[in-house]
Amino acid sequence: MKSKSLSMLGVFFALLLTVSPVSADDGFPSQPLTMLIGFNPGGSTDIQGQVLAQVLSEQLGQPVNIIHHPGAGGGVAAAMLASNPDQGYVFKYGLSLPFTFAPLASPSSYELNSFRYVAGITLDQAAIVTGPDKPFKTWQELIDHAKVNPGLVYATQITPDRFIMNHIAKIEGLSLRIVPTTGGASMAPLIISGDADFAFSGGTHSAYTDSGQMHVLASMTDERLVHYPGAPTLREMGYDISLHVVRVVAVPANTPDEHVRVLAEALEAATRDPRFIEVTEERIRMPVVFMSSEELDSLFARQVEEYKQLIADAVE
C-alpha cells in the first residue's frame, strides 16, 4: 500500500512539472489541466468526473487529466491542492465537506479560505435509510421504536453524519450503537441483511430502493430529495441541522480572477451538456445545479457556523 501511494505521488508531481506558473493575462488555459479527485476510481465522483473532464476539455480547448488521491473523505486531496502554485491549472472536483467540515473536526493544514470555490454543479442526496424488514417505515416510527428498544444499530460512513446522529440521539434521548463502515458498498449489506437497523447513505440507496431493499426515512439535505419527495428533511422535523453537500470545483486561494471566470463559464456550460446531465441525473441520481462562487461562499459560511455548534455540542 505504501509503494502504491508513493507511485501515485510520483505521477502527480510528474504531471505538475508539465505545468508552469502563469500570469492572469496568458490566455488561460494555455496548457493541460489536472483534476484532483479525492476518492478511488469507480465511485460516483469518479464516474461523474470522467465525463466532466471530457466536457471541460472540449470547452477549454486543453486536455483535462485526472489524478485520484483518496484519503480522509477528500481531505488529503484538499490539503494537496491548498499548497499548489499553479493558479487553476490544478483543481479539485468533489464534495464540499473537506472544505466546510473537516478543518473544524480535526487538525488540518488548510482552512475554508485556503481556496476559491469556482462553482457547484451537483447536489449530493444524503439520506437516512433502513432495510426491508424493520418495524418502522417513517422517521417518527423509527424514533418511537428506538426509545423503547435501546441499542439500535446505526451504520455511519463519515465523521459529519456520525456527529449529526449523535446530536439527534441526544435530543431524543436515544441509546444507539454506532457502527462505522468504509462507504456505501459496506453499508448496503448491513442494511439489507438487517444487521444494521438504519444508516447514512450518500447516494448508494438509489440502487436499492426500487427493489424494496432499502427505504428512505429522511433527507439530510436542505431540501427533500429529488427522487424521494415523501421523506422529510431533518430541518422540517425540527433538528436545525443538515448535511447539504455540494459537488464543487475548487482552486487555491491565489488563483487569478480571470482563471476562475474561465473555469466557471466552462462549468456552467457543462451543466447544460447532455452527457453530464445523463451521468448525474440518470446514473447516480443526483440533481444538476449551477451555484456561483458567491452562492457557495454564502452557503459555506452558514454551514461552518452550524458545524461549529454541532461539534461544540458533542463535546459538552
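What follows draws every value from the coordinates through simple rules; no lab data is involved. In this text, all values refer to a predicted model and were calculated from it rather than measured experimentally. Cβ sites come from the backbone with ideal geometry, for glycine too, and all protein chains shown count toward neighbours.
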Inset, instruction - Decide, for the stretch 224-288, between rounded, prolate and oblate: order the square roots of the alpha carbon gyration tensor eigenvalues as a ≥ b ≥ c, take rounded if a/c falls under 1.5, and otherwise choose prolate if a/b is larger than b/c, else oblate. - result: oblate
Legend entry - Helical contribution to [θ] at 222 nm, DSSP H n ≥ 4, -39,500 (n - 2.57), averaged over the chain, rounded to 500: -12000 deg cm²/dmol
Inset, instruction - Just order 159-169, 99-109 by mean Cβ neighbour count inside 10 Å, highest at the front, would you? - result: 159-169, 99-109
Legend entry - Potential lengthening between ASP133 and ARG224 on full extension [0.36 nm per residue; Cα-Cα distance subtracted]: 30.4 nm
Inset, instruction - Output the direction-averaged projected area (hull surface divided by four) of the convex hull of the alpha-carbon atoms of the chain, in nm². - result: 15.9 nm²
Legend entry - For ASP273, ASP144, ASP86, order by how many other beta-carbon atoms lie within 10 Å, fewest first: ASP144, ASP273, ASP86
Inset, instruction - Rank these for me by crowding, ASP46, ASP124, going from fewest to most other beta carbons within 10 Å. - result: ASP46, ASP124
Legend entry - Size of charge dipole - the stretch 127-219 - debye, nearest 20, with Cβ of Lys, Arg +1 and Asp, Glu -1, no other charges: 200 debye
Legend entry - Sequence of HIS205, HIS215 once ranked by neighbouring C-beta atoms within 10 Å, starting from the fewest: HIS215, HIS205
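Decide, for the stretch 165-316, between rounded, prolate and oblate: order the square roots of the alpha carbon gyration tensor eigenvalues as a ≥ b ≥ c, take rounded if a/c falls under 1.5, and otherwise choose prolate if a/b is larger than b/c, else oblate.
Oblate, since a/c reaches 1.5 and b/c is not below a/b.
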Inset, instruction - Return a whole-number percent for the relative contact order of the chain, with Cα pairs under 8 Å and 6 or more residues apart as the contact set. - result: 25 percent
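Enter the mean projected area of the convex hull around the alpha-carbon atoms of the stretch 127-219, in nm², rounded to one decimal.
Numbers: hull surface 20.5 nm².
The Cα convex hull of the stretch 127-219, projected and averaged over all directions, gives 5.1 nm².
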Inset, instruction - For a quick protection proxy, order the peptides 245-258, 279-292, 175-188 by their average other-Cβ count within 10 Å, most packed first. - result: 245-258, 279-292, 175-188
Inset, instruction - Report relative contact order for the stretch 127-219 in percent, whole number only (criteria: Cα-Cα under 8 Å, sequence separation at least 6). - result: 48 percent
Legend entry - Additional length obtainable on full extension of the chain from GLU282 to ALA207, 0.36 nm per residue less Cα span: 25.9 nm
Legend entry - Gain upon complete extension [MET237, GLU294; 0.36 nm per residue less C-alpha separation]: 17.6 nm
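Would you count, across the chain, every pair of lysines whose alpha carbons are under 19 angstrom apart, provided the pair is eight or more residues apart or spans two chains?
Qualifying lysine pairs in the chain: 4.
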